[in-house]
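As structure tokens, the structure follows; a few thoughts come after it.
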Amino acid sequence: MIINYDSPGQLCNRIWSQLPSIAYGLEYNEKVMLINFEEYSGDFENLNINKLIRFTTHKYLKRFFLSLKARGHIQNGRPNIFRKILGLNLIEGWSNRLGNVEMVEKHSDTIRNIYRFKCDSITRIDAAIGTPRDYSLIGVHIRRGDYKTWLNGIYYYTDDVYMKMMKQIEDQVAEGGKKVRFLICSNEKANLDNFRPLDCFAFMDSSAITDLYALSKCDYIIGPPSSYSQWASYYGKVPVKYIMSENDTIKLSGFSEVIAFNKFKNGSVMNID
């Protein structure tokens with residue numbers, strides 16, 4: 001049995017840190033227990049649908065494993081007494097997030113079903129966005145908050161930068177004869193007036209879950225590098241393009257779906273933690 005006992009960070013960091021363990025279990029028919037997702041479990045309806053995968057809460061067990069990790073008794077990929085005697089493979093998730101890439105891609109449909117959003121969280125999003133559409137819907141993930149200090153704020157962009165990138169996309173889509181709408185998703189309140197005259201909207205009373213699902217229903221996603229928009233791309237099979245510099249030129253040909261953490265369908269790899 002695999003026990004993923006430590007998946008640190010917020011929602012999507014935790015999901016990505018769990019996927020290599022889940023994919024391995026699905027590939028080799030091995031049971032997997034995940035014990036660090038209780039804060040978010042209420043937003044998903046299928047977490048325990050697969051007989052091999054179990055999301056559960058064992059706070060004291062988690063503390064026990066973390067104390068052993070702190071003392072250096074258990075580390076990813078190294079034998080320990082739990083593995084030898086009990087057959088338990090203890091995984092600290094985040095440092096393992098880049099593993100089992102081919103399995104994460106191979107079992108992606110099963111993984112998406114496991115992390116299916118609860119209907120109560122997404123019904124109004126489906127009704128508002130709708131399909132089919134007579135326009136291209138571009139999800140714009142404006143990451144603020146902690147990005148002001150992360151990596152010295154290199155990916156903390158002003159609204160003017162996002163506006164410039166959005167205008168580039170609109171011009172290219174218009175060449176194909178389609179209209180464009182932009183869905184603004186941010187962890188801070190966005191001022192839509194800053195993006196006029198582009199056709200922009202945001203959901204009132206949105207949350208991390210509703211915005212995540214909404215991004216997964218778009219036709220394209222742009223934003224700074226983020227595990228959040230990576231999950232939206234992977235979950236919804238949506239091509240994404242990351243703004244790596246405020247001087248970037250955005251081309252529709254440069255968009256690609258995320259198929260595993262930091263890996264894209266077109267073969268490119270993003271070398272950012």
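Entry note, the chain: the mean residue ellipticity at 222 nm calculated from DSSP H runs of n ≥ 4, each adding -39500 (n - 2.57), is -10000 deg cm²/dmol after division by the residues and rounding to the nearest 500. Note that segment 159-175 has calculated 3J(HN,Hα) couplings of 4, 4, 5, 4, 4, 4, 5, 5, 5, 4, 5, 4, 4, 6, 5, 4, 4 Hz, one per residue in order, obtained from phi through the Karplus relation 6.51 cos²θ - 1.76 cosθ + 1.60 (θ = phi - 60°); glycine and proline are x.
Each Cα pair under 8 Å and six or more residues apart adds its sequence gap; the mean of these over the residue count of the chain is a relative contact order of 18 percent. Taking every C-alpha pair closer than 8 Å and separated by at least 6 residues, the mean separation divided by the residue count of segment 128-273 gives a relative contact order of 25 percent.
The portion of the accessible surface of segment 133-254 made up by carbon and sulfur, rounded to a whole percent, is 48 (1.4 Å probe; DNA, RNA and ligands excluded).
Computed with every protein chain present, the accessible area of S206 is close to 50 Å² [probe 1.4 Å]. Overall dimensions of the chain, expressed as equivalent-ellipsoid semi-axes from the Cα gyration tensor (√(5λ), whole Å, largest first), are 36, 19, 17.
Among beta bridges identified by DSSP and lying wholly in the chain, the antiparallel ones come to about 15 percent.
Counting heavy atoms of the protein chains alone, S256 has an accessible area of about 10 Å² for a 1.4 Å probe. For segment 93-171, pairs of C-alpha atoms spaced more than 18 angstrom apart make up 70 percent of the total.
Per residue, the chain exposes 49 Å² of solvent-accessible protein surface, assessed with a 1.4 angstrom probe and all protein chains in place. Averaging Cα coordinates gives a centre for segment 1-32 and one for segment 101-165; these two points are 21 Å apart.
Cross-link partners for K217 among the lysines, with Cα-Cα distance under 25 Å and sequence neighbours closer than 8 places in the same chain left out: K106, K118, K164, K167, K178, K179, K189, K237, K241, K251, K263, K265.
The values are calculated or read from the model by the stated rules, or taken from the named source; none is laboratory data. These figures come from a predicted structure and were not determined experimentally. Calculation scope for accessible area: heavy atoms of the full protein, side chains included, ligands and nucleic acids excluded. Shrake-Rupley method; radii C 1.70, N 1.55, O 1.52, S 1.80 Å.
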